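Enquirer: Below is one structure. I have some questions about it.
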Amino acid sequence: MQNYQAISEMFNDVCAKHRDSPAFTCLGKTMTYGELDSLSANFASYLQHHTTLAPGDRLVVQLPNLLQYPVVLFGALRVGVVIVNTNPLYTGRELEHQLNDSGAKVLVVLANLAKAAESVIDKTQIQHVITTEVGDMHGFPKRLIINGVLRYIKKQVPDVHFPSSVSLRKALSLGSRDNFSEVKRKADDLAFLQYTGGTTGVAKGAMLSQGNLLANKRQAVELWGDSLKEGKENFLAPLPLYHIYGFTMHCMVLFSLGCQSVLVPNPRELATVVKAFRENTLTGMVGLNTLFVALARDEDFQGLDFSSLEKTISGGMALTEDTANTWEKLTGNRIVEGYGLTETSPIVTSNKPKDPRKNTIGIALPDTELKVINADGEALPNGEAGELCVRGPQVMMGYWQRPEATDNVLNADGWLRTGDIAIINDDGYVRIVDRQKDMIIVSGFNVYPNEVENVLVSHPEIVEAAVIGVPDKDSGESVKAFVVKTDDSNIDFDSLKKFCRESLTAYKVPKLYEFRDDLPKSNVGKVLRRELRDNSGDS
């Protein structure tokens, strides 16, 4: 297996080898590896000749799963630019923090969702905004039809204005007039700032190097072996590519093998997922428990032909045994579950594809060491529960401009503390028991209690608030808020939920609310979330 120093080196080799093969498909349009090579070269040229970006500068990608994503991604990487992946549904407040913390100079954003960026752009260091519309990678006349329907009939494209902006199509046209000079990167050069968080609620940029991401790609390919057939796989991609799980599986692992990925822009619309299954001969799917549950309940999905589907991969959140059994009965596929973190690029463990087990996250990837420790940091024997720690070439460089936060989880010997409580069996299989962190995982996305609490207490009629995660059969967990109101408050659950929606992405908005006279606290005044969890009765 080729030992690359930079992602762009891998990209060049794969595109040369599989030039005429399909790379990505979206909304009925397929882009070959050769076409991606050409379009990304145009974008790279635009960045070099028409922006102030230099190697190592940051570019924010705020796109759903569209063909534009790999064009922008690989184009930027080819000129040494650092990628900052961002959720397209972020509110202005959330986006402002990420833009400022990363110090990004360029933002690429879908026009449909650009209102949030417009509201904060003058408070950031962004110098160039590149906008794109859903149909921009399609040919004439389909491009005009898609964009016209969304803009003029469905009214989904708001009017936005930025001090300095250009359309992606214009940028690609300008870039095509010049050649770009490929920037050589080394394995220890920064490639991604992948934002995550913790119990503090402060989103932190995990610094993932070229070597981190390439190592994780190599580890996954090695573990999966001949289960992934080079140039033969066609995988459904409903998970967002801006999420490290979706990115690594589709833009690193499958891409490196010259395989095809079918992008689903909005998997919350199950009809589009079902349509993608119906219109493509899929050999595999990457998903998570929430999506598997929803699809298995869908009558249209139940009626599909699954004879070509050979592989289903699960991650991002715990896979329940009931979901695994239902999926296997419906599709004939045994789900292969893995585990990872943003800080580990992300894959740490995986079940073996030819013999996946239930109720386990599998074994460590090649060149990955695992141990569990007690509260004193002492290693525990197999079979005992403790905090899971990871060491390997996929472990991040640290948190962007946060040395103290880095030191809290990553020691000098390279061991990363995951905050998850696990048991390692004698045969190497791992089971996650619980989480130390207060972090809530809703459909595979992290929700940080402090962030939600800060929004809640900003309401003039709220005195105190605490947030916990409670079990949810659809999303794994949902957010529950405990709220203490002012004495004269008339606020109700619906108005409180509406208030939260103004500042939080939908999955962060509490689904459940409970008004209380007071909240349990320690003797120093810290709200005891664990006590709320233990006594919430929502299990």
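The values are calculated or read from the model by the stated rules, or taken from the named source; none is laboratory data. Here the structure is a predicted model, which is why all the values come from computation and not from measurement. A quick note on method: Cβ atoms are made from the backbone with ideal geometry, for glycine too, and the neighbour counts reach across all protein chains shown. Surface accessibility is based on the protein's heavy atoms, side chains included, excluding ligands, DNA and RNA. Shrake-Rupley method; radii C 1.70, N 1.55, O 1.52, S 1.80 Å.
Enquirer: Rounded to whole Å, give me the distance from the Cα center of the range 256-326 to that of the range 228-255.
Expert: Rounded to whole Å, the Cα centres lie 13 Å apart.
Enquirer: When ligands, DNA and RNA are left out and all protein chains stay put, how many square angstrom of accessible area per residue does the chain have with a 1.4 Å probe? Spell out each step's value before the answer.
Expert: Working: 22260 Å² over 539 residues.
Each residue of the chain exposes 41 Å² on average to a 1.4 Å probe.
Enquirer: Moving on. Between the alpha-carbon centers of the range 334-356 and the range 104-156, tell me the distance in whole angstrom.
Expert: If we compute the Cα centre of each part, the gap is 34 Å.
Enquirer: Explain nothing, just compute: Karplus ³J(HN,Hα) = 6.51 cos²θ - 1.76 cosθ + 1.60, θ = phi - 60°, for every residue of the range 418-427 in order, whole Hz, x for Gly and Pro.
Expert: Each residue of the range 418-427 in turn: 7, x, 9, 8, 9, 10, 9, 7, 4, 8 Hz.
Enquirer: ILE421: accessible area at probe 1.4 Å, nearest 10 Å²?
Expert: 30
Enquirer: Given +1 on the Cβ of Lys and Arg, -1 on the Cβ of Asp and Glu, and no further charges, what dipole in debye does the chain carry about its Cα centre, rounded to the nearest 20?
Expert: It works out to roughly 1520 debye.
Enquirer: Apply the Karplus parameterisation 6.51 cos²θ - 1.76 cosθ + 1.60, with θ equal to phi minus 60°, to every residue of the range 483-500 and state each ³J(HN,Hα) to the nearest whole Hz, in sequence, with x for glycine and proline.
Expert: After applying 6.51 cos²θ - 1.76 cosθ + 1.60, I find 10, 10, 8, 5, 4, 9, 6, 10, 5, 10, 4, 5, 6, 5, 5, 4, 4, 5 Hz.
Enquirer: Just the number, please: carbon plus sulfur as a percent of the accessible area of the range 1-117, 1.4 Å probe, no ligands or DNA/RNA counted. Before the final figure, lay out the partial values.
Expert: Values: 1580 of 3290 Å².
Reported share for carbon and sulfur atoms: 48 percent.
Enquirer: Kindly write out, for the range 218-226 in residue order, the coupling ³J(HN,Hα) from the Karplus curve 6.51 cos²θ - 1.76 cosθ + 1.60 (θ = phi - 60°), rounded to whole Hz, with x marking Gly and Pro.
Expert: Ordered by residue, 3J(HN,Hα) equals 4, 4, 5, 4, 5, 5, 6, x, 7 Hz.
Enquirer: Assign unit charges at the C-beta atoms only (+1 for Lys and Arg, -1 for Asp and Glu), then state the dipole size of the range 290-373 relative to its Cα centre in Debye, rounded to the nearest 20.
Expert: About 300 debye.
Enquirer: Here's something else I'd like to know. Rounded to the nearest whole Å³, what is the per residue volume of the convex hull around the Cα atoms of the range 397-461?
Expert: 147
Enquirer: Shifting gears a bit: With a 1.4 Å probe and all protein chains in place, put MET207, MET252 in order of accessible area, largest first. Mind dumping the intermediate values first?
Expert: Details: MET207 35, MET252 0 Å².
Result of the area sort, largest leading: MET207, MET252.
Enquirer: Distance between Cα centroids, the range 452-474 to the range 12-37: provide it in whole Å.
Expert: With the range 452-474 and the range 12-37 each reduced to a Cα centre, they are spaced 45 Å.
Enquirer: By per-residue mean of other Cβ atoms within 10 Å, what is the highest-first order of 66-78, 295-307, 329-341?
Expert: Averaged packing, sorted descending, gives the order 66-78, 329-341, 295-307.
Enquirer: Please report, largest first and rounded to whole Å, the three semi-axes of the ellipsoid equivalent to the range 15-132, where each semi-axis is the square root of five times an eigenvalue of the C-alpha gyration tensor. If you can, show how the numbers build up before the last one.
Expert: Working: eigenvalues 135, 57, 20 Å².
For the range 15-132, the semi-axes come out at 26, 17, 10 Å.
Enquirer: Might you report the magnitude of the Cβ-based charge dipole of the range 402-504 about its Cα centre, with Lys and Arg at +1 and Asp and Glu at -1, to the nearest 20 debye?
Expert: With only Lys, Arg, Asp and Glu charged at Cβ, the dipole is about 200 debye.
Enquirer: Same structure again: For the chain, what is the per residue volume of the convex hull drawn over the alpha-carbon atoms, in cubic angstrom?
Expert: That works out to 159 Å³ per residue.
Enquirer: Follow-up. Return the equivalent ellipsoid semi-axes of the range 339-467 as a descending list in whole Å, where each equals the square root of 5 times an eigenvalue of the C-alpha gyration tensor.
Expert: Its equivalent ellipsoid spans semi-axes of 30, 18, 15 Å.
Enquirer: With unit charges on the beta carbon (Lys/Arg positive, Asp/Glu negative), name the residue among LEU456, ALA215, PHE301 whose Cα is farthest towards the positive pole of the charge dipole of the chain.
Expert: Going by the Cα projections, it comes out as PHE301.
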